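Engineer: Pasting a structure here, questions to come.
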Amino acid sequence: MISLDDIMDEQARRHLLPFVLRTFPGYEAGWFAREVCEALDWFISEVAAKRSPRLILEAPPRHGKSELVSRRFPAFAYGKYPDLSIIAASYGSDLASRMNRDVQRVIDSADYARLFPGTRLFGKNIRTLADGSYMRNSDIFEIVGHKGVYRCAGIGGGITGMGADCLLIDDPIKDAEQADSVVYRNKVWEWFTSTAYTRLAPGGGVLVIMTRWHEDDLVGRLLTHESDGEGEHWRVIRFPAVAEADEPHRREGEPLHPERYNTEHLDRIRHAVGERVWNSLYQQRPSAREGSIFKAENWRYLKPPKPLTIMSAQERKEYFAALGIRKIIQRWDTAIGAKKKNDNDFNACTTLGIAPSRYYLIDVFQDRIEFPELKRVVQQKYDQWLPNAIIVEGGGSASGLALVQELNRETRLPIREVPTGKDKVQRAELVSPNHESGLCYLFEGEPWVSRFVGNCTAFPNVAHDDDVDSFIGALEEAVGGSKGLNISSELLARL
């Protein structure tokens, strides 16, 4: 006769969250843990199928993410797939070794042996393989009778000599000093691209779990490369400590894990650490120190039922209608003779949805492309979002005027050219009250959001502000063209 324990054990062999509860009975598993575990279940199944998954999990400190990702997940993965090769890294070798020992303790437990009797470790701590035994120490361990191996290292440490089906990076930044050091951020990036990434086996997966510290941290760079068309596509799951909009599991303003940190506790933390640290570490919205026109905390966020880019045209139409979007415009900021070189300006386009009392940033495109390709991308962005108008800044750019002239001659796109007008900082200050008042919305999960918010927050002290400039132009158009109207006039009349 099958007992309830038998059923629970079988579930624990199949899915991570039941495994966590069977091997750690006291774990407080709310919806946050369930969503993380579901994402990790997806990730390991993609790894097993050799489909090269890329997953980023962003969560605030002390909310239980490392227990799930760095301790229980590797043990669970070896139970299901004992031939896996995992490389796990963190900001320091000591922390990485501690995680290694924790994974070993899980695998050594009686509960684990009952669930996965075929996955076990060598019984002695040894440093060599001279006697033909399986290696097991604080840096590496092997699965007895299988090809599985786990190797840990600190960021910058050597991991040559083995491949990885799964590259797991947990908090590559230790503290604010490291986060604010461009030398250290470059070190992390160099280690990831030249050392860690090169260890991946064909079809292998990369999992990055971190608390955000800086707009240019590892996650920031990965997403910037993706949005620039130079990197891979990442599935990003972000967990702010306090909800910034209504979500499936909580309302705006509610905490992520109230059993650990209730609203009052989080309010005390926010007042203690200040807004910049709060937005970075707890809300996963890092911003630059400089710049004061578009502040990170003034953005509002929506979580669509699925990413806009994978919705069908009909689904987008219905979703936008439900949001009250009555008009969509695209504003292009074109570069003069843009070439594919790292020091050139970008071509940028903001697609803005306009509702009676809100502005929705549907898409922000930025890339270095030459004129023939630019014409193709303008058509592509029109086909993708079907704007009512395409506005191109032409006063300061020969390419902008030429673009409008050629596309008017060759196509029937609703495209027109506008003069540049005032200095961009003055223009930004004129439309900024709409942003300060919380009327500008972003959609969670879009790969360009992190880069764009970072550039907006740093503006005007940012190397390339083309995406910000196109946003300013779009907002200008939305609130009254180039007249500099803002919330105090036309918009208030509409509310």
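The values are calculated or read from the model by the stated rules, or taken from the named source; none is laboratory data. As the structure is a prediction and not an experimental result, all values here were calculated from the model. All Cβ positions, even for glycine, are placed from backbone atoms using ideal geometry, and neighbour counts span all protein chains on display. When the accessible area is computed, the model is the full protein with side chains, heavy atoms only, and any ligands, DNA or RNA have been set aside. Shrake-Rupley method; radii C 1.70, N 1.55, O 1.52, S 1.80 Å.
Engineer: Have a look at ALA59, ALA29, ALA48, ALA12 and point out the one that is of a type in the set (Gly, Ala, Ser), touching a Lys or Arg at 6+ places or on another chain (Cβ under 8 Å) and surrounded by fewer than 21 Cβ atoms within 10 Å (Cβ to Cβ).
Structural biologist: Working: ALA59 fails: surrounded by fewer than 21 Cβ atoms within 10 Å (Cβ to Cβ); ALA29 fails: touching a Lys or Arg at 6+ places or on another chain (Cβ under 8 Å); ALA12 fails: surrounded by fewer than 21 Cβ atoms within 10 Å (Cβ to Cβ).
Result of the check over ALA59, ALA29, ALA48, ALA12: ALA48.
Engineer: OK, next. Would you point out which residue out of ARG376, ARG368 is under 22 Å from LYS424 (Cβ atoms) and of a type in the set (D, E, K, R)?
Structural biologist: On the way: ARG376 fails: under 22 Å from LYS424 (Cβ atoms).
Every option except ARG368 fails the conditions.
Engineer: Oh, and also: Could you please tell me which pairs satisfy a Cβ distance under 6 Å, a separation of 6+ or placement on different chains, a first residue in the stretch 1-30 that is among the β-branched types (Val, Ile, Thr), and a second residue that is open to solvent by 40 Å² or more (accessible area, probe 1.4 Å)?
Structural biologist: THR23/ASP111
Engineer: Do we have any residue at all in the stretch 261-272 that's in contact (Cβ under 8 Å) with a residue 24 or more places away in the chain, in a loop (DSSP other than H, G, I, E, B) and not acidic (Asp, Glu)?
Structural biologist: Looking for residues that are in contact (Cβ under 8 Å) with a residue 24 or more places away in the chain, in a loop (DSSP other than H, G, I, E, B) and not acidic (Asp, Glu), one finds at least one in the stretch 261-272, hence yes.
Engineer: Considering only the stretch 202-233, how many residues are touching a residue at least 60 places away in the same chain (Cβ under 8 Å) and either among the charged types (D, E, K, R) or open to solvent by 30 Å² or more (accessible area, probe 1.4 Å) (or both)?
Structural biologist: 12
Engineer: Determine which single condition GLU28 fails, assuming it passes every other condition in (1) part of a loop (DSSP other than H, G, I, E, B); (2) of a type outside the set (A, V, I, L, M, F, W, C); (3) modelled with pLDDT under 90; (4) touching a helix residue (DSSP H, G or I) at 6+ places or on another chain (Cβ under 8 Å).
Structural biologist: Answer for GLU28: the failing condition is (4).
Engineer: Spot the failing condition for ALA77; the list is (1) of a type in the set (Gly, Ala, Ser); (2) modelled with pLDDT under 95; (3) more than 29 Å from VAL183 (Cβ to Cβ), and only one is missed.
Structural biologist: So the condition that ALA77 fails would be (2).
Engineer: Output the residues belonging to the stretch 456-486 that are open to solvent by 30 Å² or more (accessible area, probe 1.4 Å), under 31 Å from the mean Cα position of the chain (by Cα) and at pLDDT below 85.
Structural biologist: PRO460, ASN461, VAL462, ALA463, HIS464
Engineer: Only one of LEU57, LEU40 is part of a helix (DSSP H, G or I), touching a strand residue (DSSP E or B) at 6+ places or on another chain (Cβ under 9 Å) and closer than 28 Å to ARG285 by Cβ. Can you tell me which?
Structural biologist: LEU40
Engineer: Another one. Which of the residues that make up the stretch 62-80 are among the hydroxyl-bearing types (Ser, Thr, Tyr) and buried (at least 24 other Cβ atoms within 10 Å of the Cβ)?
Structural biologist: Residues of the stretch 62-80 that are among the hydroxyl-bearing types (Ser, Thr, Tyr), as a first pass: 66, 70, 78.
Selection gives SER70, TYR78.
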